[in-house]
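Enquirer: Could you have a look at this structure, given as structure tokens, before my questions?
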């Protein structure tokens, strides 16, 4: 398989895609494919596959017939939704409230991606988490902080969009090191709900989420790097999330001064 279709476990693949900021700088995007115990597949997020990617995915999924569902996890990641549905029209399609509103003609399933109903439906394979204390769908369309984070249990892999960002740090002579910097999306200050307790709710969510990720071995982030074998690179994902939380404490404290 190509470097664009990365197999991270026996039953999990990440597809690296192209997304150009302002049509110029490629900051990347992604989707993931997980094989279910019944041999069928679930796609996390949408991406219109190029010819090579599609050949590889079709070979994996019986020409796409074994793709049971596409679950769109980020309310502001919408560019590839219609195109992927055209590529795999027989897959059940799930989306957030914003996806359903933007594309009312698509055959959406009734369970929204952020809902407890969808979480229960796929609880055997995934653990989903929605950040607390922040707007899930911000009125400011430039604030892309929140998304549904998806942890694939059997492969111990976290699939995440903008909420957590992972950057590869430069090593000697400008080469990329094997160290990765995990951080929360820089729009956190604007994403926090303007009410008392919002910062505390986010802080508590982040701590609980970090604890739940103690067994996570790898992370796939949309616009940055993929971390494999987390513990072998130093800190495990729990420690990385807690360090990311510490870096935004000034933002949380400032919010608490304004709103309580």
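Enquirer: Does residue 128 count as within 17 Å of the chain's Cα centre (by Cα), surrounded by fewer than 22 Cβ atoms within 10 Å (Cβ to Cβ), in a strand (DSSP E or B) and at pLDDT 95 or above? Even if it seems obvious, please write down each step before you answer.
Expert: On the way: within 17 Å of the chain's Cα centre (by Cα): yes; surrounded by fewer than 22 Cβ atoms within 10 Å (Cβ to Cβ): yes; in a strand (DSSP E or B): yes; at pLDDT 95 or above: yes.
Yes: the conditions hold for residue 128.
Enquirer: I would also like to ask the following. Take the residues in the stretch 57-66 that are part of a loop (DSSP other than H, G, I, E, B) and touching a strand residue (DSSP E or B) at 6+ places or on another chain (Cβ under 8 Å); name whichever of them is farthest from residue 10 (Cα to Cα).
Expert: Just the residues of the stretch 57-66 that are part of a loop (DSSP other than H, G, I, E, B), to begin with: 61-66.
Those still in the list that are touching a strand residue (DSSP E or B) at 6+ places or on another chain (Cβ under 8 Å) too: 61, 66.
Details: 61: 14, 66: 16 Å.
So, considering only residues that are part of a loop (DSSP other than H, G, I, E, B) and touching a strand residue (DSSP E or B) at 6+ places or on another chain (Cβ under 8 Å), the one farthest from residue 10 (Cα to Cα) is 66.
Enquirer: Report those strands (runs of 3 or more DSSP E) wholly inside the stretch 132-231 carrying at least 3 residues which are touching a strand residue (DSSP E or B) at 6+ places or on another chain (Cβ under 6 Å), surrounded by fewer than 17 Cβ atoms within 10 Å (Cβ to Cβ) and at pLDDT below 95.
Expert: Values: elements: 149-152, 157-160, 164-170, 176-184, 218-221.
Of the strands (runs of 3 or more DSSP E) lying wholly inside the stretch 132-231, those with at least 3 residues that are touching a strand residue (DSSP E or B) at 6+ places or on another chain (Cβ under 6 Å), surrounded by fewer than 17 Cβ atoms within 10 Å (Cβ to Cβ) and at pLDDT below 95 span 164-170, 176-184.
Enquirer: Same structure again: Evaluate the stretch 116-124: report whether one residue or more is in contact with a helix residue (DSSP H, G or I) (Cβ under 9 Å, 6 or more places away or on another chain) and either surrounded by fewer than 19 Cβ atoms within 10 Å (Cβ to Cβ) or more than 23 Å from residue 162 (Cβ to Cβ) (or both).
Expert: The first filter runs over the stretch 116-124 and keeps only residues in contact with a helix residue (DSSP H, G or I) (Cβ under 9 Å, 6 or more places away or on another chain), leaving none.
Within the stretch 116-124 (the criterion being in contact with a helix residue (DSSP H, G or I) (Cβ under 9 Å, 6 or more places away or on another chain) and either surrounded by fewer than 19 Cβ atoms within 10 Å (Cβ to Cβ) or more than 23 Å from residue 162 (Cβ to Cβ) (or both)), the answer is no, since none of the residues qualifies.
Enquirer: Just need a number here: residues in the stretch 80-99 that are over 18 Å from residue 126 (Cβ atoms), surrounded by fewer than 18 Cβ atoms within 10 Å (Cβ to Cβ) and in contact with a strand residue (DSSP E or B) (Cβ under 8 Å, 6 or more places away or on another chain).
Expert: Residues that pass the stated criteria total 1.
Enquirer: Here is a further query. When the stretch 57-77 is examined, which residues are found to be in contact with a helix residue (DSSP H, G or I) (Cβ under 6 Å, 6 or more places away or on another chain) and more than 20 Å from residue 119 (Cα to Cα)?
Expert: Within the stretch 57-77, 64 is the sole residue that qualifies.
Enquirer: Oh, and also: Could you please let me know if residue 73 is closer than 22 Å to residue 141 by Cβ, surrounded by fewer than 18 Cβ atoms within 10 Å (Cβ to Cβ), at pLDDT 95 or above and in contact with a strand residue (DSSP E or B) (Cβ under 7 Å, 6 or more places away or on another chain)?
Expert: Values: closer than 22 Å to residue 141 by Cβ: yes; surrounded by fewer than 18 Cβ atoms within 10 Å (Cβ to Cβ): no; at pLDDT 95 or above: yes; in contact with a strand residue (DSSP E or B) (Cβ under 7 Å, 6 or more places away or on another chain): yes.
Answer is no for this residue.
The values are calculated or read from the model by the stated rules, or taken from the named source; none is laboratory data. These numbers come from a predicted model, not from an experiment. A quick note on method: Cβ atoms are made from the backbone with ideal geometry, for glycine too, and the neighbour counts reach across all protein chains shown.
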